[in-house]
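Peer 1: For reference, the structure I am asking about is given below.
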């Protein structure tokens with residue numbers, strides 16, 4: 001997919017601050033399956049809690065570390081673009097069964113990530129997805145009008161640069177490899193990682209400048 005975007009940002013809870021939100025069919029199903037697994041002795045509540053806490057502890061710092069390494073190590077960058085899953089595992093980041101595709105921003109192409117069906121997202125590298133990433137306005141508009149959406153994020157892409165939108169799936173995730181900012185030749189890997197934001201790894205923003 002490709003080209004322009006415009007999108008809305010976080011939305012208020014339609015249930016209101018004082019009314020409990022209704023559980024969705026998927027939430028009800030998840031609860032029923034979870035209790036059945038516990039009842040059968042396949043899982044425990046403690047194991048489920050620990051897994052959720054581990055997932056919540058993930059942050060975009062993992063993705064930033066991967067990109068910073070690619071910026072300073074051309075051989076690693078080549079491996080990352082060839083097989084993102086294996087390259088992340090080189091740094092001790094387990095991607096599980098997920099097939100990670102890394103797309104590189106260049107002077108000719110700017111990449112943006114979306115999941116049009118739900119909220120598939122490289123959580124192992126970026127942590128929990130932001131609310132706007134899961135919202136219907138973003139998921140629909142970034143495909144139709146990506147430049148408009150990027151503009152709403154404060155990101156302007158030159159007209160002669162192609163904006164390419166990549167749609168994640170249940171078994172495949174994307175990560176953007178942003179362009180290294182100019183004037184960062186003297187920075188070490190840790191300092192470079194500090195310039196890389198979650199939004200730049202999704203493609204709706206650019207890295208910070210030093």
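Only the coordinates and a few stated rules stand behind these numbers; no lab work does. Quick caveat: nothing in here was measured; it's all calculated off a predicted structure. Counting neighbours? That spans all protein chains shown, and the Cβs are built from the backbone with ideal geometry, glycine included.
Peer 1: Neighbouring Cβ atoms within 10 Å as the yardstick, rank 188, 25 fewest first.
Peer 2: Least crowded to most crowded, the residues run 25, 188.
Peer 1: Which value results for Rg/Rh of the stretch 79-129 when Rg is the Cα radius of gyration and Rh the Kirkwood radius based on the inverse mean 1/r?
Peer 2: Looking at the stretch 79-129, the ratio lands at 0.99.
Peer 1: Between residue 189 and residue 159, how high is the FRET efficiency from 1/(1 + (r/R0)^6) when r is the Cβ-Cβ distance and R₀ = 30 Å? Nearest 0.05.
Peer 2: Rounded to the nearest 0.05, the efficiency is 0.30.
Peer 1: Take 209, 162 and order them by how many other Cβ atoms sit within 10 Å, fewest up front.
Peer 2: 209, 162
Peer 1: On to the next question. Please compute the modelled spin-label separation between residue 40 and residue 148, points set 7 Å along Cα→Cβ, answer in nm with one decimal.
Peer 2: The modelled label-to-label distance comes out at 4.8 nm.
Peer 1: How do 168, 140, 119, 200 rank when sorted from fewest to most other Cβ atoms within 10 Å of their own Cβ?
Peer 2: Ordered from fewest to most neighbouring Cβ atoms within 10 Å, 168, 140, 119, 200 come out as 140, 119, 168, 200.
Peer 1: Treat each spin label as a single point 7 Å out from the Cα along the C-beta direction, and report the residue 59 to residue 89 distance in nm.
Peer 2: It works out to 2.7 nm between the two label points.
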